[in-house]
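Read through the structure below, which is laid out as structure tokens, and then see the notes.
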Amino acid sequence: MHHAGTQPIRTKRLILRRFTPADAAAAYHNWQTDPQVTKYLTWPPYTDFAQAQERIAWVADQYAQPNFYYWAIQLADQSAAVIGNIAVVRADENIRSLAIGYVSGQAWWGHGYMPETLRVVIDFLFTNTDVQRIEATHDVRNPDSGKVMAKAGMRKEGVLRQRGRNNTGVCDEAMYAILRSDWTKKAAPSHGLSGSAS
């Protein structure tokens with residue numbers, strides 16, 4: 001599978017870029033310590049700033065790998081706050097499939113930032129790699145995450161019973177996906193992507 005690595009992406013409201021060690025404090029305070037944010041995630045809220053530092057350091061080390069996709073989501077306005085991240089969390093090279101996961105701080109929920117982010121990452125991956133399928137899942141008790149996927153052009157394919165485990169225990173997962181053929185039909189990229197690298 002052809003890969004492009006984590007390259008900067010810009011929209012009118014957002015900058016998606018690589019993490020640096022300087023981002024650890026914002027990540028820690030804006031989402032990593034919040035039990036509401038992490039409720040349906042697979043990792044518990046952080047309780048020590050060293051955890052954030054170690055995580056960001058590990059991420060920064062991985063950028064040398066061309067198949068590593070992990071973006072910091074930063075507001076493009078004067079506040080320049082790092083509000084979350086989006087990443088490829090699983091890959092199947094045999095069928096050229098990538099799974100995406102994302103998170104943002106509560107203060108930025110409800111503003112359309114995550115659908116916007118997911119759309120441009122989908123555009124980036126279809127434009128710069130030869131991926132054929134991009135998928136994402138969410139706990140069925142967290143329907144707002146499904147709304148993000150739908151707004152980004154992904155289609156719900158069904159519910160996988162007791163397929164996942166997160167901080168609430170074993171859960172049913174809703175599966176969403178978009179195929180390259182779906183994306184091509186929508187004359188992508190046409191979602192406001194203004195600066196992805198090729």
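Before moving on, here are some points about what is shown:
- Loop sites in segment 84-181: GluC sites (Glu not before Pro), DSSP, at most 11 other Cβ within 10 Å: E93
- Global size of segment 43-114: 14.2, 43 Å for Rg and Dmax (C-alpha atoms, Rg to one decimal, Dmax whole).
- Histogram of C-alpha separations across segment 86-175, 10 Å bin width, %: 16, 49, 32, 4
- Per-residue ellipticity at 222 nm from helix content only, as computed over the chain with -39500 (n - 2.57) for each DSSP H run of at least four residues, stands at -7500 deg cm²/dmol.
- Taking all protein chains into account, the per residue accessible area for the chain stands at 50 Å² (1.4 Å probe).
- Size descriptor for segment 96-144, Kirkwood hydrodynamic radius: 12.2 Å (Cα pairs only, one decimal).
- Derived from the Cα gyration tensor, the three semi-axes of the equivalent ellipsoid of the chain are 24, 21, 17 Å, largest first.
- Neighbours of P143, meaning other residues whose beta-carbon lies under 15 angstrom from its beta-carbon, give a summed charge of +1 when Lys and Arg score +1 and Asp and Glu score -1.
- Net charge of Cβ neighbours under 12 Å - reference L179; Lys, Arg +1; Asp, Glu -1: +3
- T127-Y63 pseudo-label distance in nm [points 7 Å out on the Cα-to-Cβ vector]: 2.0
The values are calculated or read from the model by the stated rules, or taken from the named source; none is laboratory data. Model, not experiment: these values are computed from the prediction. Neighbour counts run over all protein chains shown; Cβ positions are idealised from the backbone, glycine included. Accessible surface is based on the protein model in full, side chains and every heavy atom, while ligands, DNA and RNA are left aside. Shrake-Rupley method; radii C 1.70, N 1.55, O 1.52, S 1.80 Å.
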